[in-house]
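Read through the structure below, which is laid out as structure tokens, and then see the notes.
The values are calculated or read from the model by the stated rules, or taken from the named source; none is laboratory data. Note that the coordinates shown come from a computational prediction; the quantities given were computed from them, not determined experimentally. All Cβ positions, even for glycine, are placed from backbone atoms using ideal geometry, and neighbour counts span all protein chains on display. The protein model used for the area step is the full one, side chains on, heavy atoms only, and it has no ligands, DNA or RNA in it. Shrake-Rupley method; radii C 1.70, N 1.55, O 1.52, S 1.80 Å.
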Amino acid sequence: MKYYILFGPPGAGKGTQASAMVEKYNLHHISTGELLRKEIAAGSELGLKAKSLIDAGALVPDEVVEGMIESEFRTVKGVDGFLLDGFPRTTAQAEALDRILEKCNESVTSVVSIMIPDEMIKERIRHRASIEGRADDAREETINNRIKTYHDKTEPLVTFYSAQGKYREIDGTGTIEQVRQAIFDMMDKL
């Protein structure tokens, strides 16, 4: 079983690239954002709590996200692997993911990191908010907080996975097709 992590700042194009990666490599896409939005839409207790945090640009508690992901690993069948999108976002989450996978004698296969500069992050998030009607993407303060949170909490994962030899970076500033081809070229070598 393969376990890929799709990594990069908000607006880097992870969601855009994930569907092609899932199709080409028979992966199950686990987007923590989608899992949480599903809970929010259902109006569940978890969803209401998550909504208030997401609207403020904050992260949802680790144990909630870890439980959802471990459940997906156990219940999804008929795939060659998993593509995690939006998790892990902190070193503590990465360590928790390693523990979850160790229970079934598995480990992270590779991190596919799509990188773009901060100004492009802002442009893409604003564009996404206008097209998808995502209120969590509309406010400037929220966008700036998400970028700061990414740099402060998520960027240390570059060091974490580089030390394991699992970090691979893709330039996300090209066209969708150019970025996709770079991802496929890299994944075909793993």
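If I go through region 73-114 residue by residue, how many of them are among the β-branched types (Val, Ile, Thr) and at pLDDT 95 or above?
Initial filter on region 73-114 (among the β-branched types (Val, Ile, Thr)): 75-76, 79, 90-91, 100, 108-109, 111-112, 114.
Applying the additional criterion that residues be at pLDDT 95 or above yields 79, 100, 108-109, 111-112, 114.
Of the residues in that region, 7 qualify.
Out of the residues in region 136-151 that are open to solvent by 30 Å² or more (accessible area, probe 1.4 Å) and within 15 Å of the chain's Cα centre (by Cα), state the one that is nearest to LYS51 (Cα to Cα).
Going residue by residue through region 136-151, those that are open to solvent by 30 Å² or more (accessible area, probe 1.4 Å) are 138-141, 144-146, 148, 151.
Adding the requirement that they be within 15 Å of the chain's Cα centre (by Cα) leaves 146, 151.
Values: ARG146: 15, HIS151: 22 Å.
For region 136-151, the residue satisfying everything is ARG146.
Give just the number: which of (1) at pLDDT 85 or above; (2) part of a loop (DSSP other than H, G, I, E, B); (3) among the small types (Gly, Ala, Ser) does GLY57 not satisfy?
Only one criterion in (1) at pLDDT 85 or above; (2) part of a loop (DSSP other than H, G, I, E, B); (3) among the small types (Gly, Ala, Ser) is unmet by GLY57, namely (1).
In the list ILE114, ILE131, which residue meets the criterion of being aliphatic (A, V, I, L, M) and assigned to a helix (DSSP H, G or I)? Outline the logic, then answer.
Details: ILE114 fails: assigned to a helix (DSSP H, G or I).
Just one listed residue meets the conditions, ILE131.
Can you tell me how many residues in region 152-179 are over 15 Å from the mean Cα position of the chain (by Cα), at negative phi and in a loop (DSSP other than H, G, I, E, B)?
5
Output the qualifying pairs, or none if there are none: Cβ atoms under 7 angstrom, residues six or more apart or on different chains, first residue in region 142-164 and more than 17 Å from GLU123 (Cβ to Cβ) and aliphatic (A, V, I, L, M), second residue open to solvent by less than 50 Å² (accessible area, probe 1.4 Å) and not in a helix (DSSP H, G or I).
LEU157/PHE7; LEU157/PRO88; VAL158/TYR167
Pairs please, first residue from region 72-92 and more than 21 Å from LEU190 (Cα to Cα) and free of Cβ contacts under 8 Å to residues at least 12 places away in the same chain, second anywhere and open to solvent by less than 30 Å² (accessible area, probe 1.4 Å) and among the charged types (D, E, K, R), Cβ atoms under 6 Å, 6+ apart in sequence or on different chains.
none
When you scan region 17-40, do you find a residue that is among the hydrophobic types (A, V, I, L, M, F, W, C), touching a helix residue (DSSP H, G or I) at 6+ places or on another chain (Cβ under 7 Å) and free of Cβ contacts under 8 Å to residues at least 24 places away in the same chain, even just one?
Start the filter on region 17-40 by keeping residues that are among the hydrophobic types (A, V, I, L, M, F, W, C), which leaves 18, 20-22, 27, 30, 35-36, 40.
Subset that is touching a helix residue (DSSP H, G or I) at 6+ places or on another chain (Cβ under 7 Å): 20-21, 27, 30, 35-36, 40.
Next cut, free of Cβ contacts under 8 Å to residues at least 24 places away in the same chain only: 40.
Looking for residues that are among the hydrophobic types (A, V, I, L, M, F, W, C), touching a helix residue (DSSP H, G or I) at 6+ places or on another chain (Cβ under 7 Å) and free of Cβ contacts under 8 Å to residues at least 24 places away in the same chain, one finds at least one in region 17-40, hence yes.
Conditions: (1) over 19 Å from LYS24 (Cα atoms); (2) modelled with pLDDT of 95 or more; (3) of a type in the set (D, E, K, R). ARG146 meets all but one. Number of the miss?
For ARG146, the failing item is (2).
Applying the selection to region 68-111, what residues are of a type in the set (Ser, Thr, Tyr) and either assigned to a strand (DSSP E or B) or open to solvent by less than 10 Å² (accessible area, probe 1.4 Å) (or both)? Steps first, please.
In the first step, residues of region 68-111 are kept if they are of a type in the set (Ser, Thr, Tyr); the result is 71, 75, 90-91, 107, 109-110.
Across region 68-111, the qualifying residue is only SER110.
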